[in-house]
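Encoded as structure tokens, the structure appears first; notes follow it.
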Amino acid sequence: MLFSPITVKRICVPFLYHKTAARFGSLAQEGLILQSTSINVYENLAVEDWIHDHMDLEQKNVLFLWKNSPTVVIGRHQNPWKECNLHLMREKGICLARRRSGGGTVFHDLGNINLTFFTSKKKYDRMENLHLVIRALKSLEPYLDVQATKRYDLLLDGKYKISGTAAKLGRTVAYHHCTLLCSADSSLLPLVLQSPYDGIQSNATPSVPSLVKNLSQAYSSLTCQAVMDAVAKEYSYQYEDKPHVHVVDPRDETLFPGITQKKKELCTWDWIYGKTPKFNVQKSFQIFYNGVTVEVNLSMYIKNGYIESCSIAVPSDWLSEQQRWELQNSLEGSKFCPREIVFLVTTLLRTYPDDGDVHAKWNILCEKLVSIM
């Protein structure tokens with residue numbers, strides 16, 4: 001991948017660590033630009049974690065450039081069931097990731113650029129970073145109407161959001177990352193970022209809906225490659241030594257010791273779903289069975305992604321108290337997850353091998369439960 005007019009080099013020397021004498025080299029005294037070869041969201045988020053945890057950002061600022069295959073990324077304190085269409089994402093093979101920073105939910109694909117600005121906490125300045133991006137865009141299209149808002153978003157033509165922003169502040173270091181919509185799938189984006197689930201009561205951080213637009217819709221010249229080149233070039237102007245763009249492989253343990261473990265942590269169910277702030281599900285629905293319509297009231301309390309308590313209210317002449325209790329008891333303590341619910345109900349059905357009526361009713365209830373997950 002070429003980044004004209006900035007030279008691209010592959011890294012073959014160690015990074016600068018907090019607690020070791022190893023050096024990244026004298027390629028850039030104060031600024032460093034890294035470009036990921038990966039389009040795997042978990043690998044790229046692991047690089048962010050690694051730089052934050054291991055590089056000496058008191059001595060060197062870093063710009064990390066990266067893109068992902070289709071992915072929905074939620075903020076650190078968000079509820080995925082409230083933020084996105086998990087059914088559609090599973091159907092289309094779209095990943096879900098939870099990042100370490102706060103902020104709202106965003107959709108990534110290969111038409112979206114991600115920029116991460118790393119500095120010491122003292123030098124952290126989100127607005128200055130956004131102004132740098134604006135300068136880069138205007139270097140390509142001087143008449144482009146793009147402005148930063150008080151919420152640290154970038155707006156095109158005063159109303160279309162082209163960039164969302166989030167940050168993580170450590171004790172001494174910080175990073176600010178933002179997106180840039182260049183040519184993202186504008187038909188898929190609103191579908192995956194609209195939750196079909198109702199009845200969820202949560203104090204998790206909600207996203208703020210916005211009108212969005214691709215930069216390429218304003219100017220066809222604003223491709224991902226052109227914009228990435230321009231941002232890298234603008235960033236390099238801050239440093240006398242004009243740092244190069246260095247292409248790095250996030251899977252390379254010689255460059256990022258321990259990064260494989262960081263990626264594994266970001267992939268786990270307990271991180272992606274289990275870090276969801278506690279929430280309740282209150283849902284009523286009707287079931288039509290054997291010519292009779294039955295009203296069902298469901299109440300669940302979810303903590304750390306697990307069903308802590310569950311109440312399923314159905315008429316006692318439709319499902320006995322014992323059978324209702326067995327189903328509730330089986331669900332409590334399980335993950336709020338379709339696959340696990342199906343497994344539990346399937347296992348429970350084996351206790352009634354010859355009762356087709358119970359099988360049918362539990363299967364219907366299972367389908368309803370899965371529909372809200």
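Within the range 292-314, restricting attention to residues that are more than 14 Å from K361 (Cβ to Cβ) and in a loop (DSSP other than H, G, I, E, B), which residue is most open to solvent (accessible area, probe 1.4 Å)? Taking the candidates together, the pick is N304. Of the strands (runs of 3 or more DSSP E) lying entirely inside the range 66-129, not one carries at least 1 residues that are under 20 Å from I200 (Cβ atoms), aromatic (F, W, Y) and in contact with a helix residue (DSSP H, G or I) (Cβ under 9 Å, 6 or more places away or on another chain). Can you confirm whether the range 326-344 contains a residue that is part of a helix (DSSP H, G or I), hydrophobic (A, V, I, L, M, F, W, C), within 25 Å of S202 (Cβ to Cβ) and without any contact (Cβ under 8 Å) to a residue 24 or more places away in the chain? Looking for residues that are part of a helix (DSSP H, G or I), hydrophobic (A, V, I, L, M, F, W, C), within 25 Å of S202 (Cβ to Cβ) and without any contact (Cβ under 8 Å) to a residue 24 or more places away in the chain, one finds at least one in the range 326-344, hence yes. Looking at the range 126-143, can you tell me whether even one residue there is over 29 Å from A218 (Cβ atoms) and not small (G, A, S)? No, the range 126-143 contains no residue that is over 29 Å from A218 (Cβ atoms) and not small (G, A, S). Pairs, please: C-beta under 9 Å, at least 6 apart or cross-chain, first residue within 16 Å of V358 (Cα to Cα) and in the range 287-307, second acidic (D, E) and in a strand (DSSP E or B)? Final answer for the pair search is I287/E295.
Looking at this structure, is Q261 open to solvent by 80 Å² or more (accessible area, probe 1.4 Å), within 21 Å of Q201 (Cα to Cα) and of a type in the set (S, T, N, Q)? Against the criterion (open to solvent by 80 Å² or more (accessible area, probe 1.4 Å), within 21 Å of Q201 (Cα to Cα) and of a type in the set (S, T, N, Q)), Q261 does not qualify.
Taken over the range 280-291, the residue count meeting the criterion of being loosely packed, with under 11 Cβ neighbours inside 10 Å and touching a strand residue (DSSP E or B) at 6+ places or on another chain (Cβ under 6 Å) is 1. Within the range 217-233, not a single residue is open to solvent by 60 Å² or more (accessible area, probe 1.4 Å) and under 25 Å from D49 (Cβ atoms). Filter the range 64-119 for residues that are of a type in the set (S, T, Y) and out of contact with any Ser or Thr (no Cβ under 8 Å at 6 or more places or on another chain); which is nearest to V227 (Cα to Cα)? Checked the range 64-119; the qualifying residue nearest to V227 (Cα to Cα) is T116.
Taking the condition of being under 18 Å from the mean Cα position of the chain (by Cα) and open to solvent by less than 60 Å² (accessible area, probe 1.4 Å), how many residues in the range 193-204 meet it? Number of matching residues: 3. Condition check for P190 on (1) closer than 30 Å to S284 by Cα; (2) of a type outside the set (G, A, S); (3) in contact (Cβ under 8 Å) with a residue 60 or more places away in the chain; (4) open to solvent by 30 Å² or more (accessible area, probe 1.4 Å): one failure, at (3).
The values are calculated or read from the model by the stated rules, or taken from the named source; none is laboratory data. What you see is a predicted model, and the numbers here were worked out from it, not measured in a lab. Heads up, the Cβs are rebuilt from the backbone with ideal geometry, glycines too, and the neighbour counts pull from every protein chain shown. Remember, those area values only see protein heavy atoms, side chains included, never the ligands or the DNA or RNA. Shrake-Rupley method; radii C 1.70, N 1.55, O 1.52, S 1.80 Å.
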